[in-house]
Structure formats: C-alpha cells, structure tokens
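A short reminder: the numbers here are calculations on the coordinates, not readings from a lab. This structure is a prediction, so every number in the text was calculated from the model and none was measured. Using ideal geometry, Cβ is built from the backbone for each residue, glycine included, and neighbour counts are taken over all protein chains shown.
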Amino acid sequence: MLTSAVAGFSISIALIVAIGAQNAFVLRQGLRREHVVPVVLTCAVSDALLITAGVAGVGTLVADRPGLLTAIRWGGAAFLLCYAGLAARRALRPGALLPTERPPASLGATLLACAAFTYLNPHVYLDTVLLLGGVAQQHPHRWVFGAGAAVASGVWFTALGVGAQRLAPLLARAAAWRVLDAGIAVVMTGLAVGLLLG
C-alpha cells in the first residue's frame, strides 16, 4: 500500500509542478495576498475530485468520445488566449501592476476564475483523469495511489500559494510585475497554441 501511495504522490507532483495556467493563477494570487486560502482549497479539492474520477475509470469513457475532447481543447485554448491578452495588457501598463494600486477582486470573481483555470484547461483532464487514472488502474491499491496523488496536489498548491508571499518583497516594483505578467502571457499563449496544434 505504501508503494502505491508513494507512486501516486510522485507521479502527481511531477505532472503538477510544470508551469501551467492554474499554477500561474495561484502564484499571482499568492503574490497579491488575495483570497489565497480559498484559491488553494479550490485547486486542491478540484484536483482530488478529478483524480477520484480518473481512478474510478471515467478516463476510459472520455477517451472514447473524441468530439468531447475536441470541444474541451478548443474552449480551453480560447480561455487561455483571453487570459494571455489580459496578462499582456497588465505588462504593458505598469500603473496597474502593483497589488496595492488595484482594489482586490471579489471572492466570487476570484473563485470563478480559479474554477475556469481548473475545469476549462484540457491538460487537467489529460494529466489528472486520463494519465493518473490509467496508471492507477495498474496498481493493486488504486485508491491508495489516488490518495497519494491528491495529497501531492494539496501540498503543491499550499506551497505555491503560501510560498509566493515570500517573493513579495522581490516583486514590490512595477518592473518586476511587468516581467511576471509578460511571462504569464507567454506561458498562456504557448499552452493555447499547443492545444490548438495538438
């Protein structure tokens, strides 16, 4: 059982650490110190639900419906391109970059954006439901594997959201936020192009 738990944790952390739309959003919220705990909880609980679906075998059903995967891919690409545009706009307008110069977004709007980054991102289905779910089926204790994967997700998002606050002094200048938002715009655009070409 321990082997399955460690395998689930290791594979999940390897997949989730890669810079992606969800991670960039959590990082930005952590740096702004804005609704960090609800965002981290939303990401961790969402991942746990998706991992559970994968372990239960939902990935096999989704893989058999190419039309659904195509719709998810195009919708996710459109969403990522819109967010890339917003990040690029922030990077070009340094007056809007400092957290103290903008009123905080409402909790509802923040959680809605968080849910969009989670559920409109096709990579989350490919990695969490299909890949992790498929690997889990090969383990004698697949639910223990899934639990290990869910713990990895919770640990990562907590570290990212809370750890980002330690970077706040480094990002206290508009120029630093410009670089961060430019990087986020590039990452989002790259992910969207990858989805459209894939």
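Here the extension length gained between Ala113 and Arg93 equals 5.1 nm, from 0.36 nm per residue of separation less the Cα-Cα distance. The longest part of the chain holding none of the exposed loop trypsin sites (Lys or Arg not before Pro), meaning those outside H, G, I, E and B in DSSP with at most 15 other Cβ atoms within 10 Å, is 34-172.
Using only the alpha-carbon atoms, how far is helix 174-197 inclined from the longest principal axis of the chain? Give it as 0 to 90 degrees, nearest 10. Result, in degrees: 40. Each other residue within a Cβ distance under 11 Å of Ala149 adds +1 if Lys or Arg and -1 if Asp or Glu, for a net charge of -1.
Give me the one-decimal Kirkwood hydrodynamic radius in Å for the chain, with the sum taken over alpha-carbon pairs. Its Kirkwood hydrodynamic radius stands at 17.4 Å.
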